[in-house]
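**Student:** Structure provided below as structure tokens; questions to follow.
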Amino acid sequence: MNVMIVGGGGREHAILEKLRENPRIEKMFALPGNGGMNEHAVCVPIKATDIDGIVSFAQENLIDFAVVAPDDPLISGACDRLRAIGVRCFGPSAAAAEIEGSKSFAKELMQKYGIPTAAYETFDCAKDAYAYLERTSYPTVIKADGPALGKGVIIAQTREEARDAIRAMMEDGVFGTSGSRVVIEEFLTGNEASVLAFTDGTTLIPMVSALDHKRALDGDNGLNTGGMGALAPNPFYSVERARECMESIFLPTMRALNAEGRKFKGCLYFGLMLTKNGPKVIEYNCRFGDPETQVVLPLLKTDLLEIMLAVEDERLAEVPVHFRGGAACCVVLASQGYPAQYQTGYEIKIDKIDQTKDIFVYHAGTKQDGGRIVTSGGRVLGVTALGADAREAQKNAYDAVKHVHFENAFFRRDIASRAIAAQEEKGE
Ligand code: AMP
Ligand code: GLY
């Protein structure tokens, strides 16, 4: 089989490494891929947002199966276009991907079908939004309706900050049309959990849970980023919580999308807040999360291609999906300055890492440059290690980080620490 992966981050590298365990795959392509994916795939300089380019490439290169990983092409209908020319793929239709593409759509869906989430109001007019800020309580959460590169959520501590956010989104257009509508919602407190689930619209199988670390600096300080590291399973997400989420959130979401004529096939991502009053949805994504995928897929025992084919053919119920025990921890190595300004073009050197030790170095912002691998983005590499438990996985990951060298590197030194401390306090 010829398989194509659309995207070029750490998530896509983790998908590639898992897919290639399947012996039926003859050739793999990555569009555009990165400096590490080209070890096992042909990287083609077509951007993940270039839907015409992606579709033509699939047709010309006799692609049998496509995995569309990033949000942009999914929301723009890449899978609909590929299926229309007979290319089977992993990823939802544009209609189903709207669950990530429009926050107001997601909120209305949850309200209509009784899925627990923060109370909210939607605004298309800045004047009404300002008026609402006078009567709501603080902190409050302001979200651009459309995709905003992970920057469209502002937690406003005061009315002033909230007004600045509304002005930036609705009047100054900092997120373009994505901010012309905003959702203002209740501020929730609790531990967060990310749960990715395979679904074919009839069956839904949650993967092992994960804990993302969104802030740039230690102690959950600094700016929000795409994610600086992750741990799986998430120690805050107990078996009891998992059962509760399946009943009150996961299955109701799948059924709600069906009832709206938007059957979801692919990976549905639930961003959850585990509040005192039960788990609530903070956000949905229509795809694998990053860096969550870099800790979840290394723990997957079942063949990923077989699962993905079953999702596409709507026979997921026939595939037993298993994860191994133990834990996985991923530390993201970023360019100094990320998520704001940073320099690129530094050579990356990786000492020989003992692959038998379950250590994975996933590339993200890297590229080949005349035989060298150099930095080319904010998040450069994700170093994942497995262990018998979270503490061992964390130690193995930080030991492995010492074998990766590039100038201007920075990373958090406390990935998984708070969760491990909480777990140990409970005596687990
Ligand atoms: P998002 O960009 O949607 O992933 O949101 C970024 C982060 O904002 C989330 O991971 C949460 O930490 C936080 N967040 C979003 N919505 C809420 C909310 N209603 N209450 C508290 N925190 C929130
Ligand atoms: N890690 C969060 C996301 O992928 O959106």
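The values are calculated or read from the model by the stated rules, or taken from the named source; none is laboratory data. Predicted, not measured: the structure shown is a model, and the values here were computed from it. Cβ sites come from the backbone with ideal geometry, for glycine too, and all protein chains shown count toward neighbours. Heads up: the accessible areas ignore ligands, DNA and RNA and are worked out on the full protein's heavy atoms, side chains in. Shrake-Rupley method; radii C 1.70, N 1.55, O 1.52, S 1.80 Å.
**Student:** What translational D, rounded to a whole number of µm²/s, comes out for segment 30-109 from Stokes-Einstein when the hydrodynamic radius is the Kirkwood one over Cα pairs, at 10 °C and 1.306 mPa s?
**Tutor:** 120 µm²/s
**Student:** Measure up LYS18/LYS301; LYS107/LYS151; LYS18/LYS357; LYS107/LYS143; LYS103/LYS280; LYS214/LYS265 against 21 Å on the Cα-Cα distance and list the ones that go over.
**Tutor:** Pairs exceeding the cut-off: LYS214/LYS265.
**Student:** Quickly work out the HIS40-to-ASP164 label distance, labels modelled 7 Å from Cα along the C-beta direction, and quote it in nm with one decimal.
**Tutor:** 4.5 nm
**Student:** Next question. Of all the Cα-Cα pairs you can form in segment 262-399, what percent are over 23 Å apart?
**Tutor:** 52 percent
**Student:** Rg/Rh for segment 112-209 to two decimals, with Rh computed the Kirkwood way over all alpha-carbon pairs.
**Tutor:** In segment 112-209, Rg relative to Rh is 1.05.
**Student:** Report the per residue volume, in Å³, of the convex hull enclosing the C-alpha atoms of the chain.
**Tutor:** Spelled out: Cα convex hull of the chain, divided by residues, is 141 Å³.
**Student:** Take LYS112 and GLU314, extend 7 Å from each Cα along the Cα→Cβ direction, and tell me the distance between the two endpoints in nm.
**Tutor:** Computed distance between label sites LYS112 and GLU314 equals 2.0 nm.
**Student:** Cα convex hull of segment 321-382: mean projected area in nm², to one decimal?
**Tutor:** With the hull built on Cα positions only, its mean projection is 6.0 nm².
**Student:** I need the calculated FRET efficiency for the pair GLU240 and ARG372, taking r as the beta carbon distance and R₀ as 56 Å, to the nearest 0.05.
**Tutor:** Efficiency, rounded to the nearest 0.05: 0.65.
**Student:** Let me ask you something else. Keeping all protein chains in place, calculate the accessible area per residue for segment 250-403 (probe 1.4 angstrom), answer in Å².
**Tutor:** Accessible area per residue: 40 Å².
**Student:** Expressed as a whole percent, how much of the Cα-Cα distance distribution for segment 262-329 exceeds 18 Å?
**Tutor:** 52 percent
**Student:** Within the accessible area of the chain, what % is carbon and sulfur when the probe is 1.4 Å and the other protein chains stay in place?
**Tutor:** It is 48 percent, rounded to a whole number.
**Student:** Shifting gears a bit: At each listed q (0.17, 0.22 Å⁻¹), what is the log10 of I(q)/I(0) that the Debye formula gives for segment 71-172 modelled as equal alpha-carbon point scatterers?
**Tutor:** Computed log10 I(q)/I(0) values: -0.85, -1.15.
**Student:** For segment 90-95, what does the Karplus curve 6.51 cos²θ - 1.76 cosθ + 1.60, with θ = phi - 60°, yield as ³J(HN,Hα) per residue in whole Hz, taken in order and with x for Gly and Pro?
**Tutor:** 10, x, x, 5, 4, 4
**Student:** What are the ³J(HN,Hα) couplings of segment 248-253, residue after residue, when phi is run through the Karplus curve with 6.51, -1.76, 1.60 and θ = phi - 60°? Round to Hz, x for glycine and proline.
**Tutor:** With the stated coefficients, segment 248-253 comes to 9, 10, 5, 5, x, 5 Hz.
**Student:** Taking only the C-alpha atoms, wrap a convex hull around segment 186-333 and report its volume per residue in Å³ as a whole number.
**Tutor:** Each residue corresponds to 123 Å³ of Cα convex hull volume.
**Student:** With equal scatterers on the alpha carbons only and no solvent term, can you work out the Debye log10 of I(q)/I(0) for segment 90-148 at 0.15, 0.17, 0.31 1/Å?
**Tutor:** Rounded to two decimals, the profile gives -0.55, -0.68, -1.30.
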